Amino acid sequence: MSPTPLRSSPLEPAHEAAGATFTDFAGYRMPVRYSSDLAEHHAVRQSAGVFDLSHMAEIGVTGPDAVAFLDHALAGSFGAMPLGRAKYSLLLAEDGGILDDLVVYRTDDDVFLVVANASNREVAVAALSERTDGFDVAVSDDSDSTALVAIQGPAAAGTLDALVVADRLQPESPLDDLGYYRALHAVFDGSEVLVARTGYTGEDGFELYCAPEVAPAIWDALLEAGADRGVVPAGLAARDTLRLEAGMPLYGHELSTDVRPAQAGLGRVVAKTGDFVGAAGVAPTDDARVLVGLVTEGRRAPRAGYDVVHDGTVVGTVTSGALSPTLGHPVAMAFVDPALAAEGQLLHIDVRGTAIPSTVTAFPFYRRASKG
């Protein structure tokens with residue numbers, strides 16, 4: 001059998017023109033870097049980076065029973081969610097394992113946008129569709145008709161403001177009033193867009209949902225308006241080290257159907273009451289390993305799959321790790337035995353036969369400076 005051809009982003013010509021190196025990510029041909037991983041990472045921390053996230057899955061949930069449906073289908077509670085608000089949530093299997101982590105936007109009274117990971121598009125669409133019985137609600141896979149461009153970093157707000165001043169971006173209310181995990185409707189060059197103050201880097205930033213044919217103009221406009229501010233295109237490699245520094249889990253690494261929310265520090269996301277799918281099995285066993293942060297000595301970065309050791313016994317496994325570009329030392333996320341998960345606990349990571357001292361550390365590893 002011939003391999004399935006990779007999907008293309010509507011921004012692929014722009015990436016090629018910028019000299020991007022590409023990778024196969026969740027069935028899409030996506031840019032992994034343009035110049036260097038480090039340069040793009042530092043640009044996001046110091047100015048801003050523009051990301052193509054058009055591979056993400058966008059799922060529409062509409063209808064009179066949309067709130068009741070989401071309360072049943074997802075692990076959160078949506079009845080008190082105001083218009084224009086975003087909420088992090090989980091899609092669970094019947095046994096409580098995590099099928100995907102999601103961001104849900106309420107864009108109208110009975111209209112929600114559910115954003116799933118690209119690798120779980122089919123899983124999320126199928127699971128939500130299967131859970132509609134008894135609800136007056138429609139679930140639609142809008143991924144192919146939606147593109148997503150993000151700008152993340154300290155210069156993100158100023159760059160978007162420049163587009164407002166130039167009258168290219170016309171938000172329904174001032175961007176300065178848009179708080180974190182909120183969204184508003186806007187018009188860009190005559191086309192409707194949804195502007196959300198959300199992201200996956202630990203920095204202030206925005207994500208712009210738009211029609212695929214509008215994405216190239218938004219991409220170019222952000223880079224042009226941000227050129228004097230040090231804004232650059234950034235690829236998936238920088239996005240991964242940025243989210244790791246920010247202590248944000250990644251599906252397929254920290255999250256899976258074998259993991260219950262509380263193990264990954266996501267117990268707060270789960271509704272305390274309610275008959276949602278997965279509720280019966282959501283509690284982990286007492287001896288289930290839990291996710292911790294590890295700061296390691298030296299410069300050798302731990303990688304996913306490396307053993308975590310205590311007194312010569314394997315007590316956990318690294319799920320993500322890298323030499324932190326911002327902090328200058330290695331950091332990792334790992335599942336370890338709960339008795340050894342306290343902050344300050346000394347453990348070791350087996351890095352190719354060498355036991356590297358590692359200290360359990362609270363998330364996030366990096367936190368941006370607060371305003372004022």
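The values are calculated or read from the model by the stated rules, or taken from the named source; none is laboratory data. Worth saying up front: this structure is predicted, and the values here are computed from it rather than measured. In this analysis, Cβ positions are derived from the backbone assuming ideal geometry, glycine residues included, and neighbour counts consider all displayed protein chains. SASA here: full protein model, heavy atoms, side chains in, ligands and nucleic acids out. Shrake-Rupley method; radii C 1.70, N 1.55, O 1.52, S 1.80 Å.
Restricting attention to the range 250-262, which residues are closer than 16 Å to Y200 by Cβ, part of a loop (DSSP other than H, G, I, E, B) and open to solvent by less than 20 Å² (accessible area, probe 1.4 Å)?
Within the range 250-262, E254 is the sole residue that qualifies.
For the range 47-87: of the residues being touching an Asp or Glu at 6+ places or on another chain (Cβ under 6 Å) and of a type in the set (D, E), which is nearest to V232 (Cα to Cα)?
Once the filter is applied, the top-ranked residue is E58.
Of all residues being part of a helix (DSSP H, G or I) and open to solvent by less than 20 Å² (accessible area, probe 1.4 Å) in the range 183-236, which is nearest to A14 (Cα to Cα)? Just the residue, please. Give the derivation first.
First, pick out the residues of the range 183-236 that are part of a helix (DSSP H, G or I): 215-229, 236.
Checking which are open to solvent by less than 20 Å² (accessible area, probe 1.4 Å) leaves us with 215, 218-219, 221-222, 226.
Details: A215: 10, I218: 11, W219: 8, A221: 12, L222: 13, G226: 16 Å.
Within the range 183-236, the match that is nearest to A14 (Cα to Cα) is W219.
Determine if the range 91-102 includes at least one residue that is over 21 Å from the mean Cα position of the chain (by Cα) and not small (G, A, S).
yes
A301 versus (1) modelled with pLDDT of 95 or more; (2) more than 24 Å from A116 (Cα to Cα); (3) open to solvent by less than 40 Å² (accessible area, probe 1.4 Å); (4) of a type in the set (A, V, I, L, M, F, W, C): which is the lone unmet condition?
Condition not satisfied by A301: (1).
Note down all Cβ pairs under 7 Å where the first residue falls in the range 263-275 and is touching a residue at least 12 places away in the same chain (Cβ under 8 Å), the second is assigned to a loop (DSSP other than H, G, I, E, B) and surrounded by fewer than 16 Cβ atoms within 10 Å (Cβ to Cβ), and they're at least six residues apart or on different chains.
Once the first residue is touching a residue at least 12 places away in the same chain (Cβ under 8 Å) and sits in the range 263-275, its partners that are assigned to a loop (DSSP other than H, G, I, E, B) and surrounded by fewer than 16 Cβ atoms within 10 Å (Cβ to Cβ) give Q263/A288.
Which of the residues belonging to the range 333-372 are farther than 20 Å from G312 by Cβ and buried (at least 19 other Cβ atoms within 10 Å of the Cβ)?
M333, F365, Y366
If T23 passes every condition in (1) of a type outside the set (A, V, I, L, M, F, W, C); (2) under 18 Å from S129 (Cβ atoms); (3) touching a strand residue (DSSP E or B) at 6+ places or on another chain (Cβ under 8 Å) but one, which one does it miss?
(2)
Of the numbered conditions (1) of a type outside the set (G, A, S); (2) under 21 Å from L128 (Cβ atoms); (3) in a helix (DSSP H, G or I), D275 fails exactly one; give the number of that condition.
Every listed condition holds for D275 apart from (3).
Which one of these is of a type outside the set (A, V, I, L, M), over 25 Å from L148 (Cα atoms), open to solvent by 40 Å² or more (accessible area, probe 1.4 Å) and under 17 Å from the mean Cα position of the chain (by Cα): G274, G265?
Among G274, G265, only G265 is of a type outside the set (A, V, I, L, M), over 25 Å from L148 (Cα atoms), open to solvent by 40 Å² or more (accessible area, probe 1.4 Å) and under 17 Å from the mean Cα position of the chain (by Cα).
Suppose we keep only residues that are of a type in the set (A, V, I, L, M, F, W, C) and open to solvent by 40 Å² or more (accessible area, probe 1.4 Å) within the range 3-25. Which one would you say is modelled with the lowest pLDDT? Step through it out loud before you land on a result.
Of all residues in the range 3-25, those of a type in the set (A, V, I, L, M, F, W, C) come to 6, 11, 14, 17-18, 20, 22, 25.
Filter once more, keeping what is open to solvent by 40 Å² or more (accessible area, probe 1.4 Å): 6, 17-18, 22, 25.
On the way: L6: 92, A17: 97, A18: 97, F22: 98, F25: 95.
This residue is L6.
Might you let me know whether the range 53-64 holds any residue that is under 30 Å from A369 (Cβ atoms) and open to solvent by less than 10 Å² (accessible area, probe 1.4 Å)?
Taking every residue of the range 53-64 in turn, at least one turns out to be under 30 Å from A369 (Cβ atoms) and open to solvent by less than 10 Å² (accessible area, probe 1.4 Å).
Is it the case that V314 is of a type outside the set (K, R), within 21 Å of E343 (Cα to Cα) and open to solvent by 20 Å² or more (accessible area, probe 1.4 Å)? Lay out the reasoning, then the answer.
On the way: of a type outside the set (K, R): yes; within 21 Å of E343 (Cα to Cα): yes; open to solvent by 20 Å² or more (accessible area, probe 1.4 Å): yes.
When the stated conditions are applied, V314 passes them.
Quick check on my filter: what residues within the range 66-89 are touching a helix residue (DSSP H, G or I) at 6+ places or on another chain (Cβ under 9 Å), open to solvent by 20 Å² or more (accessible area, probe 1.4 Å) and part of a loop (DSSP other than H, G, I, E, B)?
Correct list: S77, G79.
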